[in-house]
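Working notes for the structure below.
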Amino acid sequence: MLYLAIIGDGDSMEKWFLKQAEDSLQTDYKKLKISKFLYKILVNRGINSEDDIVKFLNPSLDNLNTPLLLPDLIKASNIILSSINKKEKIRIMGDYDVDGVMSTYILYKGLLDMGADIDFRIPSRVKDGYGINKSMIDEAANDNIDLILTCDNGIAAIEEVDYCINKGIKIIVTDHHEPPLYENKEKLPRANALVDPKIVGSKYPFKDICGAFVAFKLIEYLVRIQGMDLDSFYKKYLEFAAIATVCDVMPLKSENRDLLYFGLKNLNETDNVGLRALIEKAGIRKGEIDSYHIGFIIGPTINSSGRLETAYTSIKLLLEEDYAKACEIANYLRELNAQRQKLTNDGFKEIENTIEKYKITEKFPVLILRKENLEESVVGIIAGKIKEKYNHPTIVLTRSGDLLKGSGRSIDSYNMFEKVSEHKDLLERFGGHAMACGLSLREDNFKDFVVKVNNSSQIKKDDLVRKIYIDVAIDFKDIDNYLIFEIEKLKPFGNGNPRPLFVSKNLSILDINVLGKNRNVIKILLSDGKAEFYGLLFKDIEELKKDLALYVGEDRVESLFYYKKSDFSLDIIYTPVINTYKGLNTIQLNISNYRVSGVVL
């Protein structure tokens, strides 16, 4: 894919790029009954053959890859069936985040339906840390467990798996994380079976699936070979793998798109009592649930118990069959999530103040920050918020017993897993993938870790400039209801398939008003000389005035808000949507970025 810069300024904190992919296949888009704008968006996303376009615009469960291609899947299935037939005790060992909760639920309910003698354990985020550990294995040995089944963890548990085998317990690892590297070579645990699409030599065609999707595929294969009803299986479990896919920020490409498309359909008419209760208590209307509601309401609420207490509460919600009791649990989870939000916001402000006070972004390409009093369970969220604000790879640490423990979030140009792995000798524990990691280290290694990670980062100044990739440059006359209808065909949106962005330049401001009790919604009437639309910008009015004044002066900005029109023009990046108000539908431009025409903000 080629990108053509439409703004170029080395000192700018933001650059706009118009996607310009070469269409080597020259597909006849008119034959597919789509517009040139939709076709351009698809080509820019690497979807350019007729077959790929048809598949993308027409999701189907037939597009899901066969589970048979996952490493060790048949071996794992045979071990599980043998254990069920011998009435051996099976224990799932999951994880405390949404993906871990959904993985655990799918495996537990799926194997329970097959007659397994099965239970589950989930580590405490604070007490146990991530993944299977020796104390959990000791407990399993005391409980006479014959087979342990991990989900969303285990691929890096070299010592723990050895310990399990030496205890005489069989263990199957199902995971989706990167295998650990030692001297740049993959080292795998000595499990009875390893089901992970990222293992070297894996023939699985699409590596970027979440842990719950791996669990889903394992149960799917068992359902198929036992002649059980596949439609019933899909009806029961698609939504759980879909929720995990969004919350683990998997790219919505290939089979992830098909999974989410149908998972959302199921979620909107879910039979799961716990999910129904949560949806109702969150005030979400059935039939309107999309990836936004999963990522920003349902997911964080489910996640809150694993962050502040124990993830058992969230699994209890999913297993509850009494609606009144489910509502009580849902309300409790929402209260926990409100606590989590406050802890996150308070921690973010503390670290933000430190960054600004010491100008840390000017000194370090990788922000490695520590605060002794942070709630351990929210450091990953805070790292993500810091990364979003400053566009630097960010690791946030806090004290946990004798160690510093934390999480990292990265930017596209920095593979956090690979680069931090180079200094694994300084760490007590480490795991993750290109865009995120979890780690712990001793106090006396902290300074060396900061210095070595930054010195070896190979991050250039341009890597830290926020890049905005635009799908289409368009004239206002080409924006109509049909274009918005076509945009809707691209749903569900999310990582790897974002809501498309359009750019229009040299727009006159015909009217401007400030809305909202916090004066942070600006409604602007814009014209390109041939058509006009209202645009909506969510931004504090004083910040907007400050931005504009840098380039046109305070007097001209004050004149704009006094006379409701300006003598300067704007370029905007936006998505056109239908706004419904009092039964009237109008086209509105949701503005994400702006600049004074001819200059860079």
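The values are calculated or read from the model by the stated rules, or taken from the named source; none is laboratory data. Keep in mind that this is a model prediction, so the values were computed, not measured. Glycine also receives a Cβ, built like all others from the backbone with ideal geometry; neighbour counts cover every protein chain displayed.
Quick one: in segment 515-526, of everything that is over 21 Å from residue 502 (Cβ atoms) and among the charged types (D, E, K, R), which residue is surrounded by the most Cβ atoms within 10 Å (Cβ to Cβ)? Filtering first and then ranking leaves 519.
Please tell me if residue 168 is at pLDDT 95 or above, surrounded by fewer than 24 Cβ atoms within 10 Å (Cβ to Cβ), part of a loop (DSSP other than H, G, I, E, B) and not aliphatic (A, V, I, L, M). It is true that residue 168 is at pLDDT 95 or above, surrounded by fewer than 24 Cβ atoms within 10 Å (Cβ to Cβ), part of a loop (DSSP other than H, G, I, E, B) and not aliphatic (A, V, I, L, M).
The rows are residues; the columns are (1) under 23 Å from residue 13 (Cβ atoms); (2) surrounded by fewer than 14 Cβ atoms within 10 Å (Cβ to Cβ).
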residue: 528; (1), (2): no, no
residue: 537; (1), (2): yes, no
residue: 549; (1), (2): yes, no
residue: 575; (1), (2): yes, no
residue: 585; (1), (2): no, yes
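Can you name the residue in segment 171-192 that is under 27 Å from the mean Cα position of the chain (by Cα), outside any loop (DSSP other than H, G, I, E, B) and not β-branched (Val, Ile, Thr) and, of all such residues, is farthest from residue 73 (Cα to Cα)? Within segment 171-192, the match that is farthest from residue 73 (Cα to Cα) is 181.
Yes/no matrix, rows are residues, columns are (1) among the aromatic types (Phe, Trp, Tyr); (2) touching a residue at least 12 places away in the same chain (Cβ under 8 Å); (3) more than 20 Å from residue 516 (Cβ to Cβ); (4) touching a Pro at 6+ places or on another chain (Cβ under 6 Å):
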| position | (1), (2), (3), (4) |
| --- | --- |
| 540 | no, yes, no, no |
| 545 | no, yes, no, no |
| 552 | no, yes, yes, no |
| 559 | no, no, yes, no |
| 566 | no, yes, yes, no |
| 576 | no, yes, yes, no |
| 584 | no, no, yes, no |
| 588 | no, yes, no, no |
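Just one of the listed residues (499, 556) is in a loop (DSSP other than H, G, I, E, B), on the phi < 0 side of the Ramachandran plot, of a type in the set (D, E, K, R) and at pLDDT 90 or above, namely 499. Looking at the structure I just gave you, is residue 126 in contact (Cβ under 8 Å) with a residue 12 or more places away in the chain, of a type outside the set (Asp, Glu) and closer than 14 Å to residue 215 by Cα? Criteria not met by residue 126. Among the residues making up segment 319-337, a single one is crowded, with 22+ Cβ neighbours inside 10 Å and either under 22 Å from the mean Cα position of the chain (by Cα) or hydroxyl-bearing (Ser, Thr, Tyr) (or both): 333.
The helices (runs of 4 or more DSSP H) falling completely within segment 28-102 that include 3 or more residues that are at pLDDT below 95 map to 36-44, 50-57.
Residues that are under 28 Å from residue 127 (Cβ atoms) and of a type in the set (Gly, Ala, Ser) number at least 3 in the following helices (runs of 4 or more DSSP H) confined to segment 320-404: 323-358, 379-390. Among the residues of segment 201-222, those that are within 22 Å of residue 233 (Cα to Cα) and either modelled with pLDDT under 95 or not in a loop (DSSP other than H, G, I, E, B) (or both) comprise 211, 212, 213, 214, 215, 216, 217, 218, 219, 220, 221, 222. The number of residues in segment 208-250 being among the polar types (S, T, N, Q) and either surrounded by fewer than 21 Cβ atoms within 10 Å (Cβ to Cβ) or over 20 Å from residue 94 (Cβ atoms) (or both) comes to 2.
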